[in-house]
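Taking it in order: structure first as structure tokens, then the write-up.
The values are calculated or read from the model by the stated rules, or taken from the named source; none is laboratory data. Keep in mind the model is a prediction, meaning the values are calculated, not measured. FYI the Cβ positions are ideal-geometry reconstructions off the backbone, even for glycines, and counts take in every protein chain you see.
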Amino acid sequence: MVALLKPRYREESSFEDTLAAHPDFPRLVALKIDVQRRGVFYTPRAEAAVDPAIHQLRSPYIFGSRDGVIKPLPESLLLRDGSTILVDPTPLEQAPYTVDYRDGRFVLLDEGRELEEVDLWPKPAYYDKQTSTGLPMSHIISARPQRLNVFQSSFCYFWAENEGCRFCDIVTHTKQQRDELGVPNRLRPQDVKETLAEAIKEPGRFTNLCLTAGSVIKGKEIFDLEVDFYIELLQAIGENFTTKKFPSQLIGSAFNERQLRRLYEETGLSSYTSDLEVLNEELFNWICPGKAKHIGYKGWRDRLIGAVDIFGRGNVGTGIVGGVEMAQPLGFKSEKDALESTLSEAEYLAERGVTTVYIAWVPRPGSAFAGQKAPSLDYFIRLARGLQDLRIKYGLSVDFDDYRRCGNHPDTDLARI
């Protein structure tokens, strides 16, 4: 119990004070943002109450966590409105929220005060099975409550040139997972096909599939090899379906028109996302040096806009790491200036049919921004509202990134209201 009462660093405004300044903003969405922003710590009592037979434990993931360790903790949390919080296990000294187990239920605490009852994700049946090559299926496709994730490869070639995105820990985490869990460097299409076949035997559980990996800059043209990998994988996946197209999202590099047409015409892919990460050219050049060197900010943005002609409005998106625009020393010093800049550029994209969604910036120990601090809850609330208002204004949907299918974007939770 001592750990539960340990005082945390007090910010300018508490959660309740911040929420009072936004009376029309949904409380549970605000709580979700703040839990993602600050992370969680599981008490020994909560850990003891986890049942691996029914609860989904953390599976191989493309990024690491703030505690920098691999431990069989719960994959994530569910709020009472059915929405998902993708939580990050966080050391106590970083002032996270606490998950405890009291009176037969999991609860979310702040400074010992109970805020909400939460639940753990239920484990899918296929997690207990293996592929024909003997690999655990949980290492091949990871599950969210209604989505299946395929992380084809956790290596990014920008890192090979020491030009990886500064907020990212994809390669350091890859090595840790490979060494400690035996996760393969790159998935075999047959393993993915077999795992998907088992996963979709659970009626009504999963509604779509998401594929992503690190960038591969090799090929006759940049990203040709990456596109080849995805086509091979998507074609194997497509053998599980009777229709040409199936509910799917690819989060990949900034492919050119020829590459995008290949993906659309040769596979069952339904939607395409490519992450700009930060909506400001100067900061993009600093934060994403590999992307800036090989394609450039305007080039990356133009390729997204061009993808709308192929996949259609509402089926093309970009993701940003919300708050990383305030990373120091070169980021914005004012939350007001950061918000205005980000929303202005998001509107430029929205006018042209590209949806922008954000994840809350988590300064991870394996990244170049380790030890930095994310912006305030107030900032993230305003960013969420601003992005949702743009989608309404320009008639854009978030079908592949909504609260049911993805759960990682607080701004898209507002689309259900």
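Is it the case that segment 316-328 has a residue that's modelled with pLDDT of 95 or more, among the acidic types (Asp, Glu) and either under 30 Å from Pro247 (Cα atoms) or surrounded by 23 or more Cβ atoms within 10 Å (Cβ to Cβ) (or both)?
Checked segment 316-328: at least one residue is modelled with pLDDT of 95 or more, among the acidic types (Asp, Glu) and either under 30 Å from Pro247 (Cα atoms) or surrounded by 23 or more Cβ atoms within 10 Å (Cβ to Cβ) (or both).
Determine whether segment 342-357 contains at least one residue that is more than 15 Å from Ile251 (Cα to Cα), of a type in the set (A, V, I, L, M, F, W, C), crowded, with 24+ Cβ neighbours inside 10 Å and touching a residue at least 60 places away in the same chain (Cβ under 8 Å). Among the residues of segment 342-357, at least one is more than 15 Å from Ile251 (Cα to Cα), of a type in the set (A, V, I, L, M, F, W, C), crowded, with 24+ Cβ neighbours inside 10 Å and touching a residue at least 60 places away in the same chain (Cβ under 8 Å), which makes the answer yes. Just name the residue that is surrounded by the fewest Cβ atoms within 10 Å (Cβ to Cβ) out of those in segment 285-295 that are in contact (Cβ under 8 Å) with a residue 24 or more places away in the chain and among the hydrophobic types (A, V, I, L, M, F, W, C). It comes out as Trp286. Among residues of segment 144-171 being within 21 Å of Ile222 (Cβ to Cβ) and among the polar types (S, T, N, Q), the one that is surrounded by the most Cβ atoms within 10 Å (Cβ to Cβ) is Ser154. With respect to Asp24, determine if the residue is over 28 Å from Ala125 (Cβ atoms), at pLDDT 95 or above and assigned to a loop (DSSP other than H, G, I, E, B). Answer is yes for this residue. Restricting attention to segment 117-126, does a residue exist that is within 27 Å of Asp17 (Cβ to Cβ) and either polar (S, T, N, Q) or outside any loop (DSSP other than H, G, I, E, B) (or both)? Looking for residues that are within 27 Å of Asp17 (Cβ to Cβ) and either polar (S, T, N, Q) or outside any loop (DSSP other than H, G, I, E, B) (or both), one finds at least one in segment 117-126, hence yes.
Close contacts from segment 386-408, counting a first residue that is among the polar types (S, T, N, Q) and a second that is part of a loop (DSSP other than H, G, I, E, B) and surrounded by fewer than 18 Cβ atoms within 10 Å (Cβ to Cβ), with Cβ to Cβ under 9 Å and a gap of 6+ residues or different chains, come to Gln388/Ile417; Ser397/Arg313.
Of all residues in segment 199-234, those satisfying the criterion of being among the hydroxyl-bearing types (Ser, Thr, Tyr) and over 18 Å from Glu257 (Cα atoms) are Thr207, Thr212.
Can you tell me which residue among Pro363, Pro375 is touching a residue at least 60 places away in the same chain (Cβ under 8 Å), of a type outside the set (Gly, Ala, Ser) and under 26 Å from Asp67 (Cα atoms)? Write out each step before concluding.
Numbers: Pro375 fails: touching a residue at least 60 places away in the same chain (Cβ under 8 Å).
So the residue among Pro363, Pro375 that is touching a residue at least 60 places away in the same chain (Cβ under 8 Å), of a type outside the set (Gly, Ala, Ser) and under 26 Å from Asp67 (Cα atoms) is Pro363.
Tell me yes or no: at least one residue of segment 389-396 is over 24 Å from Ile170 (Cβ atoms), over 19 Å from the mean Cα position of the chain (by Cα), buried (at least 17 other Cβ atoms within 10 Å of the Cβ) and of a type in the set (D, E, K, R). Yes, the conditions are met somewhere in segment 389-396. Condition check for Glu111 on (1) at pLDDT 95 or above; (2) acidic (Asp, Glu); (3) surrounded by 14 or more Cβ atoms within 10 Å (Cβ to Cβ): one failure, at (1). Beta carbons closer than 6 Å, at least 6 apart along the sequence or on distinct chains, pair a first residue in segment 273-284 that is within 11 Å of Arg301 (Cα to Cα) and among the acidic types (Asp, Glu) with a second that is part of a helix (DSSP H, G or I) and at pLDDT 95 or above for Glu281/Tyr297.
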